[in-house]
Amino acid sequence: MANPLLKEHVLLRHRDIEDIHKIDVYLAHDGYRALEKGLKEMTPDDVTNVVKASGLRGRGGAGFPTGVKWGFIPKNLNPKYVVVNADESEPGTFKDREIMESNPHQFIEGVILCAYAVGAETCYIYGRGEFWTLFHGRMQEAIDEAYEKGFLGKNIFDTDFSCDMYLHLGAGAYICGEETALLNSLEGLMGQPRSRPPFPAVAGLYAKPTVVNNVETLANVTPIVLHGADWYRQFGTEKSPGTKICSLSGRVNRPGNYEVPLGTPIRYLIEELGGGIIDGKAVKAILPAGASSSNMGADKIDTPMDYESMAAAGGMLGSASFIILDETINAVWAAEKNVKFFKHESCGKCSPCREGTFWLTSVYRKLREGYGTKQDVELIETIINQMEGNCFCLLGEFVVPGVRTSLELFRNEYESLASEENEVDQPQKDLIHTFF
Amino acid sequence: MGWTEKEQQDLEKILKKYPADRKLSAVLPALYLAQREKNWLDDDDIEAVAEALGIETTHVHSIIGFYTLFRKEPVGKYMMEVCTDLPCALRGAEDFFKRLCERMGLGPKGGTTEDNLFTVEEVVCIAACDKAPCMQINLEFFESLTDEQIDEVVAGLRAQASNNGA
């Protein structure tokens, strides 16, 4: 579909160029020219520097400057590794899957450029287990093609640089999207997060220096190296340059992935690209970064989608996975859905997350089944207050913003489920067995 | 179980991906390989994986317990995993799941059909939120589903299974 904001897609190029997943088609459209330029005309530091100058920030959610991250890799420790986080498991996120299914070579080229920049000769792409078919089909085919053409393997473009790339599948664990949990999982352990420091840049995979980047991030590297930082900065804003793939889901007419320059207002995504809300209903809340994000009220719909503006509006850009709730949706039900997700996915390592999600699930269920009291609504607040800042990893912390903002914006819906009668009439002792 | 010749070759290919002294990295791919035939892992499978990688069976058990895609109990030949997380639920996935269970003659929480061909279960996000209702059957995506499509898919799989003499 044509996107009026971009003459040509930077990342979703398959929407402009048919069959670009095939290496011959990709080669006919500047394919692997960035790699050739990088290897033949640029030093590894040059590559890192152009990525720094482009202002590219991590697209997995954290938004950390990519070139700066590469700069942390110590030069004198070997071997080094590039590990790609393709674990895409956040409810509402499905962008990396489309890149790998439809434009895999641009991504693979970016991974090789990253390896060259940091001096790694081995790359692992860690995908969620549900990408089994993709990893045994399209992605493996693309890697095989790249080997056949000499873009992977020994002495690429007759240089001293050699690089191998392997696919590795997880097996159904959201926590493995956390980079240190991912590394543990890749090492054959349970996917539980590690203490930091040491950071993966110094002691990552097999305790060696490791860059961990997201799929979309590395797909950006290819056009940045080919066209330069100034070209890249024509898109987006000063502090958030480039384009971003937004995964749009929920109560809109045309859910899907849409690539937009950073700084595009949310309204444009929902109304123009997404075709507005089903049955012409009103927006109730926007979850801009999947299940782990704050609820932004409908009054925030004109917020520009860049890292700074979203944070200032009380949300976060994260991986730009916009879940849209409309006025027909009950806020408590929606929050309960996400709380249950986090309970299911808690890795069990730390008690604030393990116990917090357990208790939250129980209190939500009690409220929704008609046994709630006002104290239960307050109990939800107490639980998230105890979780906030106390979880071992960020994924535990992710539970808090959604619940807190749901309560702030829609407290009346919670209180309408609480009844004074329950305080006196319900046999609380039995309820404990039912709900806790 | 013993590994078949083909599986033995696959296993060697898998092990080549990782440094020689890091065989443990192959535990997930080895478990996928062991589970491929019947969709779940019995004690022999678990022992075979442990032996192939030179690790304790206890460790293999801990991995199976941690990751949801491995199973220690028998399931159907076809695992139907329906996402009912928030984005999918906003597009009717919960009702879809209920109807699917009814159509398969199962209770509201899913389970395995009497002929042991299908296991239906609710799962969390599978990265197909824009195409709800969606599910995976043996890790293959089926998206933007209608009830009629489900009937077709199920009929197709039943025919496939009976042709294979299952």
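The values are calculated or read from the model by the stated rules, or taken from the named source; none is laboratory data. All of these numbers come straight from a predicted model, not from anything done at the bench. Here Cβ is always computed from backbone atoms with ideal geometry, including for glycine, and neighbour counts include all displayed protein chains.
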Test for residue A:349: is it outside the structural domain of residue A:390 (by TED's automatic domain parsing), more than 21 Å from residue A:245 (Cα to Cα) and not in a helix (DSSP H, G or I): no
Scan the range B:109-155 for residues that are among the basic types (Lys, Arg) and over 23 Å from residue A:291 (Cα atoms) and jot them down. B:109
Condition (residue is surrounded by fewer than 22 Cβ atoms within 10 Å (Cβ to Cβ), touching a residue at least 12 places away in the same chain (Cβ under 8 Å) and within 14 Å of chain B (Cβ to nearest Cβ)) applied to the range A:84-92: is it met by at least one residue? no
Exactly one of A:152, A:169 is within 14 Å of chain B (Cβ to nearest Cβ) and either touching a Pro at 6+ places or on another chain (Cβ under 8 Å) or without any contact (Cβ under 8 Å) to a residue 12 or more places away in the chain (or both), and that residue is A:169
Of the residues B:116, B:138, B:164, which is within 14 Å of chain A (Cβ to nearest Cβ) and surrounded by fewer than 17 Cβ atoms within 10 Å (Cβ to Cβ)? B:138
When restricted to A:195, A:249, A:240, the only residue within 14 Å of another protein chain (Cβ to nearest Cβ) and not acidic (Asp, Glu) is A:249
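Return a yes/no flag: does the range A:53-71 have any residue that is over 23 Å from residue B:124 (Cβ atoms), within 14 Å of chain B (Cβ to nearest Cβ), of a type in the set (Ser, Thr, Tyr) and surrounded by 23 or more Cβ atoms within 10 Å (Cβ to Cβ).
Step one: filter the range A:53-71 for residues over 23 Å from residue B:124 (Cβ atoms), giving A:53-58, A:63-71.
Retained after the next criterion (residues that are within 14 Å of chain B (Cβ to nearest Cβ)): none.
Scanning the range A:53-71, I find no residue that is over 23 Å from residue B:124 (Cβ atoms), within 14 Å of chain B (Cβ to nearest Cβ), of a type in the set (Ser, Thr, Tyr) and surrounded by 23 or more Cβ atoms within 10 Å (Cβ to Cβ), so the answer is no.
Run down A:416, A:362, A:406 and say which single residue is hydroxyl-bearing (Ser, Thr, Tyr), touching a helix residue (DSSP H, G or I) at 6+ places or on another chain (Cβ under 7 Å) and closer than 28 Å to residue A:298 by Cβ. Explain how you work it out, then say what you get.
Values: A:416 fails: touching a helix residue (DSSP H, G or I) at 6+ places or on another chain (Cβ under 7 Å); A:362 fails: closer than 28 Å to residue A:298 by Cβ.
One residue alone meets the criteria, A:406.
Restricting the search to the range A:381-403, which residues are under 22 Å from residue A:300 (Cα atoms) and either among the basic types (Lys, Arg) or in a helix (DSSP H, G or I) (or both)?
Start the filter on the range A:381-403 by keeping residues that are under 22 Å from residue A:300 (Cα atoms), which leaves A:398-403.
Within the range A:381-403, A:399, A:400, A:401, A:402, A:403 meet the criteria.
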Pick from the range A:308-336, criterion among the β-branched types (Val, Ile, Thr) and touching a helix residue (DSSP H, G or I) at 6+ places or on another chain (Cβ under 9 Å), ranking: surrounded by the most Cβ atoms within 10 Å (Cβ to Cβ): A:323
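Being hydroxyl-bearing (Ser, Thr, Tyr) and more than 9 Å from every other protein chain (Cβ to nearest Cβ) is the filter here, so list the residues in the range A:172-184 that pass it. Outline the logic, then answer.
Pass one, the range A:172-184, residues hydroxyl-bearing (Ser, Thr, Tyr): A:174, A:180.
Selection gives A:180 alone.
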For the range A:73-99, give me the residue count where each residue is under 28 Å from residue A:234 (Cβ atoms) and of a type in the set (Phe, Trp, Tyr). 1
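Please enumerate the residues belonging to the range B:1-35 that are more than 10 Å from every other protein chain (Cβ to nearest Cβ) and not in a helix (DSSP H, G or I).
Here is the first cut: in the range B:1-35, the residues more than 10 Å from every other protein chain (Cβ to nearest Cβ) are B:1-13, B:15, B:20, B:33-34.
Answer for the range B:1-35, where residues must be more than 10 Å from every other protein chain (Cβ to nearest Cβ) and not in a helix (DSSP H, G or I): B:1, B:2, B:3, B:4, B:20.
Across the range A:196-229, which residue is surrounded by the fewest Cβ atoms within 10 Å (Cβ to Cβ) among those that are at negative phi and without any contact (Cβ under 8 Å) to a residue 12 or more places away in the chain? Show your work before the answer.
We begin by selecting, within the range A:196-229, every residue at negative phi; these are A:196-205, A:208-227, A:229.
Going one step further and asking which of them are without any contact (Cβ under 8 Å) to a residue 12 or more places away in the chain, we end up with A:197-198, A:203, A:227.
Working: A:197: 8, A:198: 13, A:203: 17, A:227: 17.
Among residues in the range A:196-229 that are at negative phi and without any contact (Cβ under 8 Å) to a residue 12 or more places away in the chain, the one surrounded by the fewest Cβ atoms within 10 Å (Cβ to Cβ) is A:197.
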Can you tell me which condition residue A:206 does not meet? The list is (1) within 25 Å of residue A:75 (Cβ to Cβ); (2) in contact with a helix residue (DSSP H, G or I) (Cβ under 8 Å, 6 or more places away or on another chain), and all the others hold. (2)
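Please find, among A:161, A:151, A:157, the residue that is at positive phi and not assigned by TED's automatic domain parsing to the domain that holds residue A:344. Don't jump to the end; show me each part of the working.
Details: A:161 fails: at positive phi; A:151 fails: at positive phi.
Only one candidate qualifies: A:157.
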Taking the range B:36-72 as the search range and keeping residues that are touching a residue at least 40 places away in the same chain (Cβ under 8 Å) and away from chain A (no Cβ under 11 Å), which one is nearest to residue B:125 (Cα to Cα)? B:39
With the requirement that a residue be out of contact with any Gly (no Cβ under 8 Å at 6 or more places or on another chain) and away from chain B (no Cβ under 11 Å), what does the range A:317-348 give you? A:320, A:327, A:330, A:331, A:332
Pairs returned, first residue in the range A:327-350 that is more than 16 Å from residue B:85 (Cβ to Cβ), second residue that is hydroxyl-bearing (Ser, Thr, Tyr), beta-carbon separation under 8 angstrom, 6 or more apart or interchain, are A:331/A:406; A:331/A:414; A:332/A:364; A:332/A:406; A:332/A:414
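Hand me the list of helices (runs of 4 or more DSSP H) wholly inside the range A:1-100 holding 1 or more residues that are on the phi < 0 side of the Ramachandran plot, among the β-branched types (Val, Ile, Thr) and not assigned by TED's automatic domain parsing to the domain that holds residue A:308.
Working: elements: A:23-28, A:33-41, A:44-54, A:66-71.
Output list reads A:23-28, A:44-54, A:66-71.
Regarding the range B:21-41, can at least one residue be identified that is hydroxyl-bearing (Ser, Thr, Tyr), in contact with a strand residue (DSSP E or B) (Cβ under 9 Å, 6 or more places away or on another chain) and either loosely packed, with under 12 Cβ neighbours inside 10 Å or within 19 Å of residue A:129 (Cβ to Cβ) (or both)? Lay out the reasoning, then the answer.
Step one: of the range B:21-41, the residues hydroxyl-bearing (Ser, Thr, Tyr) are B:25, B:32.
So of that shortlist, the ones also in contact with a strand residue (DSSP E or B) (Cβ under 9 Å, 6 or more places away or on another chain) come out as B:25, B:32.
Right, trim to either loosely packed, with under 12 Cβ neighbours inside 10 Å or within 19 Å of residue A:129 (Cβ to Cβ) (or both) and you get B:25, B:32.
Checking the range B:21-41: at least one residue is hydroxyl-bearing (Ser, Thr, Tyr), in contact with a strand residue (DSSP E or B) (Cβ under 9 Å, 6 or more places away or on another chain) and either loosely packed, with under 12 Cβ neighbours inside 10 Å or within 19 Å of residue A:129 (Cβ to Cβ) (or both).
Going by the conditions given, is residue A:164 in contact (Cβ under 8 Å) with a residue 12 or more places away in the chain and either surrounded by 15 or more Cβ atoms within 10 Å (Cβ to Cβ) or within 14 Å of chain B (Cβ to nearest Cβ) (or both)?
Working: in contact (Cβ under 8 Å) with a residue 12 or more places away in the chain: yes; either surrounded by 15 or more Cβ atoms within 10 Å (Cβ to Cβ) or within 14 Å of chain B (Cβ to nearest Cβ) (or both): yes.
In short, yes.
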Considering (1) surrounded by fewer than 23 Cβ atoms within 10 Å (Cβ to Cβ); (2) touching an Asp or Glu at 6+ places or on another chain (Cβ under 9 Å); (3) in contact (Cβ under 8 Å) with a residue 40 or more places away in the chain, say which one residue A:105 fails and leave the rest. (1)
